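Written below as structure tokens is the structure these notes are about.
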Amino acid sequence: MTLPMELPSSTTRDRLTYDATVPRAMVHRASIAEVFVTDSVAAATNGIGRSEASFEVAAQLPRGHVIGENSAGYDFLLIVEVMRQAGVYVAHQHLGVPLDTAFIFKSMNYWVRSLEALRIGPRPAHVVVVLTVRPERNRAGRVLGFDFDGTLLVDGVRTLEASGGLAFVGRRAFGMLRAKGRDRAANAEPAAVLSSRLAPAAAATVGRRDRRNVVVTEPTIGPRGTAQSRLYVDTEHPHLFDHQLDHIPGNLQLEAARQLAVAAVARLHGLFPGELAVTRLRADFTDFAELDLNTTAEASVDGVRHAKELGLLAVPVAVRLRQGDTTVSDIVVEVAQWH
């Protein structure tokens, strides 16, 4: 875990505006309704230079959204998305990364500091994502990617800390990179090819209300804390597939891990799935997940721990997503009962 970063002064944050969203291309979205970022400023922080830079990004989280399902708090996936958009926007707006560049998320981690700050209030919340990025550059100075540390503030309250890494790849290089995955799919055994007979789990089992948001099949849960499911991928989902993709996106993989973890913890501890909230996340994306191959999610539930900072009991769950012998991501999701 990284140390809490120094936050900018309220004077700096007061320069941010929330009047309109940024152009959708700047955050890699097709739908205007899926754009959450509204503004950004470069922070004036001592010791920041070419090897490290700090920014504040303003955003507004939607109180009503297909993913949010009219729940009491801002959904896990919306938090992931606003962090993703903040990183993408900083890369384009402040670091000069061309718009036709492909972005690859290598890792993402976060830990919640205040669940109450995520509770939806009577008016739209003002969100600030404070990012410190450490760019990797080639000899010509072009940014190839960056690692980041971040803090998300909701109406001025420190709500969660985050870290992660992104790589930036030109379209030609990205095409060559994807050719490897396409070869893997083309040469897969028949049993590994995605079956059209897969069906989503019951929404209530995985902590969802809307069947459209279910991304796993009915989980098989063992008595010793193991669980298994397959990914159920709907390429017409308006949020998860806002635009056409040739692979299973990282946010869908995170949601699959969340849903399997919720189902397993609820079953093993006799809890209501709809009251389990994500309090920590650690994800490493190790390969592309192909759309036309079966993806298996395997979970192992750890012991209960006392999350002192939240005053709750939380349960970490390690989830591995595989396509055949290839691991595409390793994700640890920690959930706690909150309502």
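The values are calculated or read from the model by the stated rules, or taken from the named source; none is laboratory data. Remember, it's a predicted structure, so these values are computed and weren't measured experimentally. With ideal geometry, Cβ positions are generated from the backbone for all residues, glycine too; neighbour counts draw on all protein chains shown. Note: areas computed on protein heavy atoms with side chains; ligands, DNA, RNA excluded. Shrake-Rupley method; radii C 1.70, N 1.55, O 1.52, S 1.80 Å.
Which ones in the stretch 118-172 are among the aliphatic types (A, V, I, L, M), under 19 Å from the mean Cα position of the chain (by Cα) and open to solvent by 20 Å² or more (accessible area, probe 1.4 Å)? Before the answer, list the steps.
Taking the stretch 118-172 and keeping what is among the aliphatic types (A, V, I, L, M), we get 118, 120, 125, 127-131, 133, 140, 143-144, 152-154, 157, 160, 162, 166-167, 169.
Subset that is under 19 Å from the mean Cα position of the chain (by Cα): 118, 127-131, 133, 152-154, 160, 162, 166-167.
A167, the sole residue that qualifies.
Exactly one residue among R258, R320 is of a type outside the set (S, T, N, Q), surrounded by 21 or more Cβ atoms within 10 Å (Cβ to Cβ), modelled with pLDDT of 95 or more and not in a loop (DSSP other than H, G, I, E, B), and that residue is R258. Consider G73 carefully, then state whether it is out of contact with any Lys or Arg (no Cβ under 7 Å at 6 or more places or on another chain) and not hydroxyl-bearing (S, T, Y). The answer is no for G73. Kindly indicate whether E69 is of a type in the set (D, E), at pLDDT 95 or above and over 15 Å from G145 (Cα atoms). When the stated conditions are applied, E69 does not pass them. One residue stands out in the stretch 275-299 among those that are among the hydroxyl-bearing types (S, T, Y) and not in a strand (DSSP E or B): the one that is surrounded by the fewest Cβ atoms within 10 Å (Cβ to Cβ), namely T286. Take the conditions buried (at least 16 other Cβ atoms within 10 Å of the Cβ), within 21 Å of S107 (Cβ to Cβ) and of a type in the set (K, R) and apply them to R267. Does it pass? No, not satisfied. Residues in the stretch 134-157 include none that are assigned to a helix (DSSP H, G or I) and touching a residue at least 40 places away in the same chain (Cβ under 8 Å). For the stretch 300-312, residues that are open to solvent by 20 Å² or more (accessible area, probe 1.4 Å) and outside any loop (DSSP other than H, G, I, E, B) total 5. I'd like to verify a number: residues in the stretch 56-86 that are farther than 17 Å from T21 by Cβ and not in a loop (DSSP other than H, G, I, E, B), how many? Counting residues in the stretch 56-86 that are farther than 17 Å from T21 by Cβ and not in a loop (DSSP other than H, G, I, E, B) gives 5. Report yes if V214 is touching a helix residue (DSSP H, G or I) at 6+ places or on another chain (Cβ under 8 Å) and closer than 25 Å to D302 by Cβ, otherwise no. Criteria met by V214. Assess whether R113 counts as being touching a Leu at 6+ places or on another chain (Cβ under 6 Å), more than 27 Å from L245 (Cβ to Cβ) and open to solvent by 10 Å² or more (accessible area, probe 1.4 Å). Against the criterion (touching a Leu at 6+ places or on another chain (Cβ under 6 Å), more than 27 Å from L245 (Cβ to Cβ) and open to solvent by 10 Å² or more (accessible area, probe 1.4 Å)), R113 qualifies.
Of all residue pairs spaced 6 or more apart or on separate chains, those with beta-carbon atoms under 8 Å, a first member in the stretch 114-128 that is of a type in the set (S, T, N, Q) and a second member that is loosely packed, with under 14 Cβ neighbours inside 10 Å are S114/V157.
A count restricted to the stretch 13-47 and to residues that are open to solvent by 50 Å² or more (accessible area, probe 1.4 Å), in a loop (DSSP other than H, G, I, E, B) and either on the phi < 0 side of the Ramachandran plot or modelled with pLDDT of 95 or more (or both) stands at 10.
In the stretch 63-78, of all residues being among the hydrophobic types (A, V, I, L, M, F, W, C) and more than 16 Å from G250 (Cβ to Cβ), the one that is most open to solvent (accessible area, probe 1.4 Å) corresponds to A72.
Could you list, in sequence order, the residues of the stretch 83-98 that are under 22 Å from A140 (Cα atoms) and hydrophobic (A, V, I, L, M, F, W, C)? Within the stretch 83-98, V88, V90, A91, L95, V97 qualify. Would you call A336 crowded, with 21+ Cβ neighbours inside 10 Å, touching a helix residue (DSSP H, G or I) at 6+ places or on another chain (Cβ under 8 Å) and either assigned to a strand (DSSP E or B) or not aromatic (F, W, Y) (or both)? No; evaluated as a whole, the condition is false for this residue. Only one of the numbered conditions (1) on the phi > 0 side of the Ramachandran plot; (2) in contact with a Phe, Trp or Tyr (Cβ under 8 Å, 6 or more places away or on another chain) is not met by V278, and that is (1). Residue selection: Q85 fails the criterion of being open to solvent by 20 Å² or more (accessible area, probe 1.4 Å) and at pLDDT 95 or above.
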